[in-house]
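I'd like to ask some things about the structure below.
The values are calculated or read from the model by the stated rules, or taken from the named source; none is laboratory data. Keep in mind that what you see is a predicted model, and the values were worked out from it rather than measured. No Cβ is skipped: glycine too gets one built from the backbone with ideal geometry, and neighbour counts run over all protein chains shown. Accessible surface is based on the protein model in full, side chains and every heavy atom, while ligands, DNA and RNA are left aside. Shrake-Rupley method; radii C 1.70, N 1.55, O 1.52, S 1.80 Å.
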Amino acid sequence: MAREERKKEDIFIKEKRRAKNFFITSSAKMDDDKGVSKTTISSSVFTKMSQSFADGDYLLDDGIREINGSVLYMLQEMQADINDLYNEASASAFQASFFPFARIDSGSFGLISSSLVPGIDSKYDLGSSGKEWNDLYIDGTANIDSLAMGTTVTAIRDEDDMSSDSNTSLATQQSIKAYVDANAGGGSGGGSGNYDTGSHLVPHADNTYDLGSSTKEWKNLYVDGTANIDTIAGGTLSKPLALPYRTSTTLKSSAVDVTTINVLIFNSSNALSVQTLVPHSIGQELTIMNINSGAITITRSTKASARTIYGSGNLTINQHQVYKFVCSPSQVWYQIS
């Protein structure tokens with residue numbers, strides 16, 4: 001339904017044609033006995049012509065038909081073209097006068113080949129709170145002043161520098177914070193629900209944010225990989241930590257790397273020799289055991305150089321024997337048992 005009346009010039013139909021009329025009709029009495037002139041036919045004569053056309057006399061009269069046969073044929077062919085032009089002009093005038101201000105209560109569209117732009121900024125909605133669209137697919141940029149999200153957010157891509165101080169970024173961050181506060185337990189309002197992420201959970205800055213607090217602690221922590229923790233403030237261990245170990249049957253170098261283990265097990269039928277040990281930290285304790293027939297020689301030195309084993313004579317670890325060492329602040333190893 002149009003919201004305002006269309007103007008005549010909005011219909012886009014020319015008021016004048018280039019071609020002249022064949023003749024005009026006149027209701028006034030004409031001087032000529034035949035009721036015709038070079039430009040005018042009297043109404044009474046025109047009525048007779050109309051009746052003759054309706055009766056088909058011009059087709060029954062052999063003389064008229066033969067003389068004007070070609071003209072009659074072309075006029076008949078032109079009739080189809082005139083009908084097509086009439087239909088096209090009527091449809092174009094209807095679209096121009098109706099659709100720019102039309103309201104359609106119900107309908108469906110196939111493909112839209114142009115931009116879909118509202119007539120007034122910040123006035124019309126796309127959907128409503130009770131009749132929402134399903135999924136929204138946009139390849140370009142979604143320019144949204146305020147974003148009110150539902151209960152599922154799978155990913156938010158930071159391609160527009162959301163950490164900046166722009167009004168758009170601030171509004172987006174505020175909407176995201178409101179969502180997190182309401183649905184993920186963030187902020188002072190609290191909340192509940194599981195957070196299932198398909199990507200890494202990384203803080204914005206290093207060594208700044210906590211996971212839980214002294215009064216609101218998480219319960220159990222499950223980690224399959226490595227927990228890289230600088231300091232552990234523990235309570236009670238339900239079972240002792242399993243010490244990392246390595247079993248060696250050969251040595252590639254007399255300088256043995258023990259940065260990732262606390263127990264070194266030799267299982268070789270050949271004699272092996274250890275001259276230095278590369279520690280992972282001060283105070284590291286290392287247990288060396290021999291479970292095979294090859295004797296293990298531990299080279300010792302009184303020079304107290306880094307990574308050496310301190311002592312005045314070498315140690316021999318035979319089969320079924322175990323020795324334990326500890327690393328000093330200067331990275332010198334000392335036998336403690």
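Name the long-range amide H neighbours of residue 40: under 5 Å, sequence gap of 5 or more, or other chain; modelled H, no Pro or chain starts.
Residues meeting the criterion, in which the H sits 1.01 Å from N, are 24.
With no solvent and one equal point scatterer placed on each C-alpha of the range 289-337, evaluate the Debye formula and give log10 I(q)/I(0) for q = 0.19, 0.27, 0.28 Å⁻¹, two decimals.
Result of the Debye calculation: -0.61, -0.98, -1.02.
Still on this structure, please answer the following. What are the ³J(HN,Hα) values, in whole Hz, obtained from phi via the Karplus relation 6.51 cos²θ - 1.76 cosθ + 1.60 with θ = phi - 60°, for each residue of the range 304-309 in sequence order, with x given for Gly and Pro?
For the range 304-309, the Karplus-derived couplings read 6, 7, 4, 6, 8, 9 Hz, x marking Gly and Pro.
Using amide H atoms built in the peptide plane, which far-off residues or other-chain residues are under 5 Å from residue 276 H to H?
Amide H neighbours of residue 276: 255, 256.
Which percent of Cα-Cα pairs in the range 245-296 sits in each 10 Å bin, short to long?
With 10 Å bins starting at 0, P(r) equals 25, 59, 15, 1.
Roughly speaking, what % of Cα-Cα pairs in the range 262-326 are separated by over 21 Å, rounded to a whole number?
Of the Cα pairs, 21 percent sit more than 21 Å apart.
Please report the accessible area of residue 60 (heavy atoms, 1.4 Å probe, ligands and nucleic acids excluded) in Å², nearest 10.
The accessible area of residue 60 comes to roughly 130 Å².
Can you work out the FRET efficiency for the pair residue 36 and residue 65, with r the C-beta to C-beta distance and R0 = 30 Å, to the nearest 0.05?
0.90
If you don't mind, another one. When you count, for each residue, the other Cβ atoms within 10 Å and take the mean per peptide, how do 242-250, 224-232, 281-289 rank with the highest first?
On the way: 242-250: 11.9, 224-232: 5.6, 281-289: 15.6.
Peptide ranking by packing, descending: 281-289, 242-250, 224-232.
Then there is this: Collect residues whose amide H, placed 1.01 Å from N in the peptide plane, falls under 5 Å from the amide H of residue 301; neighbours closer than 5 in sequence don't count.
For residue 301, the qualifying residues are 309, 310, 311.
Can you run phi through the Karplus equation (6.51, -1.76, 1.60; θ = phi - 60°) for the range 198-211 and list ³J(HN,Hα) in whole Hz, with x for Gly and Pro?
Whole-Hz 3J(HN,Hα) from phi for the range 198-211: x, 9, 5, 9, 10, x, 5, 9, 6, 6, 10, 9, 9, 10.
Ok, one more. Towards the positive end of the charge dipole of the range 198-337, with charges on Cβ (+1 Lys, Arg; -1 Asp, Glu), say which of 226, 271, 238 has the farthest Cα.
My answer, from the dipole projection, is 271.
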